[in-house]
Amino acid sequence: MSAPAPPDAPGRGAARRQTARERKTLSASLRWWAKPGVLIFLGVLGLAVAGWALLIQATRRLPVQDATIDGLNVRLGEARWILDQMDHGENFKQPATMMPDMPAWGSQRVTMYLALENRAEDLREYRGEEFFLVPEIGEEVPPFGAVIGQATLEPGQTINTAIHFDIDTREPHGRLLVEWRHGKKTAYFPVPEPAEHYHLRPRGGDDLPPDARFLMGIGKAARGERLYAGIYGCAACHGDPSVPGSNNIGPHLAKIGTLAAKRIDGMRPEQYIYESIVQPGAFIAPECKGGVPCENPSAMPEYASLVTNQDAADLLAFLLELQ
């Protein structure tokens, strides 16, 4: 038969109780973060840190009109969109041969006009390939067709250039910026919203644009004739007004100065011609080559974003003389 266990030595029970109290105190102290007030504080602190991180990231992408990196200054003069020249609605696709070098169907082009200045004391290199059109949604777009694609600038030297980007604006793209990546640093330039696509615009309605007579100055018919035959390529479709039957897709314009006054009741001829230039689908001419009806929608490119007010005035002056 085994002997009974000896009783606890004096003070041993008190020591165990003290150890238990210390463990309980330590355990309670380790759970301070579980208290409601602490959890709320930690949650607010985490949101604040995340907010500051997003703010810093967004600040880095704030667009500017003027930026200097490593002594090379770039100033944005203008960012201008060209309407989708191939888009005429109703699934009509403009043949690329009619508008060479224009954006592909469904795309629009933005041109960035830049002024460069070397503010350093030695040579600086400019490269157009350092610029990218960066959409908020979708892939970035590299530039093309720069007026000056690469240049070495002497100290104090300034030059002007332009770079182009084509992007399919039928797809969601969100905010657009142009990013300049020079060395290890970047800068962002603003890009305005692109123009609406022709086929996405509401059709019909009785509202007319402002009177063409108030939009432009006095036109010069001689210059308008040169624009007609050259820069804007009107003769490629409408032919030579002095040569009967020389038109191709579009109507012959030998008597447009007279006919324009009879097409729409109450509309002045200059207004009719102006609208036909900037928004060809507004009116469809009744007769094209061979006497057949003209295409509807019109096959003519929209010139709203290409023709200047003075060019429009000169073209009108020329066409109105065709009686």
Checklist entry - Counting only residues that are at pLDDT 85 or above and among the small types (Gly, Ala, Ser), which one in segment 217-226 is surrounded by the fewest Cβ atoms within 10 Å (Cβ to Cβ)? => result Ala222
Next on the checklist: Here is a check on your reading of the model: is Ala229 under 33 Å from the mean Cα position of the chain (by Cα), modelled with pLDDT of 85 or more and under 27 Å from Trp105 (Cβ atoms)?
Outcome noted: yes
Checklist entry - Given (1) of a type outside the set (S, T, N, Q); (2) modelled with pLDDT of 90 or more; (3) within 19 Å of Ala317 (Cβ to Cβ), where does Val243 come up short, assuming only one miss? => result (3)
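Residue-wise test of (1) surrounded by fewer than 17 Cβ atoms within 10 Å (Cβ to Cβ); (2) outside any loop (DSSP other than H, G, I, E, B); (3) in the same structural domain as Trp81 (by TED's automatic domain parsing); (4) small (Gly, Ala, Ser).
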position	(1), (2), (3), (4)
Tyr126	no, yes, yes, no
Leu133	no, yes, yes, no
Glu139	yes, no, yes, no
Ile159	yes, yes, yes, no
Ala162	no, yes, yes, yes
Val178	no, yes, yes, no
Item to check | Restricting segment 141-157 to residues that are part of a strand (DSSP E or B) and of a type in the set (Val, Ile, Thr), the residue that is surrounded by the most Cβ atoms within 10 Å (Cβ to Cβ) | outcome: Val141
Checklist entry - Being in contact with a helix residue (DSSP H, G or I) (Cβ under 9 Å, 6 or more places away or on another chain), crowded, with 17+ Cβ neighbours inside 10 Å, modelled with pLDDT of 90 or more and not aromatic (Phe, Trp, Tyr), is that true of even one residue in segment 181-194? => result yes
Checklist outcome for this item: Within segment 64-102, residues closer than 22 Å to Met112 by Cα, part of a loop (DSSP other than H, G, I, E, B) and at pLDDT below 90 come out as Leu83, Asp84, Gln85, Met86, Met99, Pro100, Asp101, Met102
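The values are calculated or read from the model by the stated rules, or taken from the named source; none is laboratory data. Owing to the predicted nature of the structure, the values given are computational and were not obtained by experimental measurement. Here the Cβ is made from the backbone with ideal geometry for all residues, glycine too, and neighbour counts use every protein chain on show.
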